[in-house]
Amino acid sequence: MNKIGGFFRACFRSMDLGFLIKAYLISIVFTVFTFYAHISVSPVYTIICAVIFPFAYLLVNDVLSLLPFGYVFFMSFTEHIIVWVSTTILKLVLYYFVYGLAVLFAPIGILYIALSKKYRDAADRWDNG
């Protein structure tokens, strides 16, 4: 049991503190929305999703960072605002979807953290020795 606790402690420590705080703030907002919108979901499931959401959020955020969103288009200020608002709304809908399915996405995110940590440790050993 101690190895499992150590594994989760290592997963939390390998995440950036600012990222973790942002993910939990988003999780709290989604949890409050779920409770006050009277969406018929078990409160236990909602709390479990709230706790493990940062791992799913990390996975989706890293996948989204691979997509080519960084292209610069020349457009007017109004068009730029419209595009920014629409992409922000789409991201919120996507993140709420990920929040609802955090039980499915979080184990993949935890595996991603563990493998990337193992890869970084192996790369550090290779560089140092």
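The values are calculated or read from the model by the stated rules, or taken from the named source; none is laboratory data. Note that the coordinates shown come from a computational prediction; the quantities given were computed from them, not determined experimentally. Note: ideal-geometry Cβ built from the backbone for every residue, glycine included; neighbour counts use all protein chains shown.
Kindly indicate which of 74, 33 is modelled with pLDDT under 85 and not charged (D, E, K, R).
74
Regarding residue 63, is this residue closer than 16 Å to residue 97 by Cβ and either surrounded by 14 or more Cβ atoms within 10 Å (Cβ to Cβ) or touching a helix residue (DSSP H, G or I) at 6+ places or on another chain (Cβ under 8 Å) (or both)? Spell out the reasoning first.
Values: closer than 16 Å to residue 97 by Cβ: yes; either surrounded by 14 or more Cβ atoms within 10 Å (Cβ to Cβ) or touching a helix residue (DSSP H, G or I) at 6+ places or on another chain (Cβ under 8 Å) (or both): no.
Spelling it out, it is not the case that residue 63 is closer than 16 Å to residue 97 by Cβ and either surrounded by 14 or more Cβ atoms within 10 Å (Cβ to Cβ) or touching a helix residue (DSSP H, G or I) at 6+ places or on another chain (Cβ under 8 Å) (or both).
Residue-wise test of (1) surrounded by 12 or more Cβ atoms within 10 Å (Cβ to Cβ); (2) within 16 Å of the chain's Cα centre (by Cα); (3) part of a loop (DSSP other than H, G, I, E, B).
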site	(1), (2), (3)
12	yes, yes, no
19	yes, yes, no
24	yes, yes, no
27	yes, yes, no
31	yes, yes, no
35	yes, no, no
38	no, no, yes
41	yes, no, yes
44	no, no, no
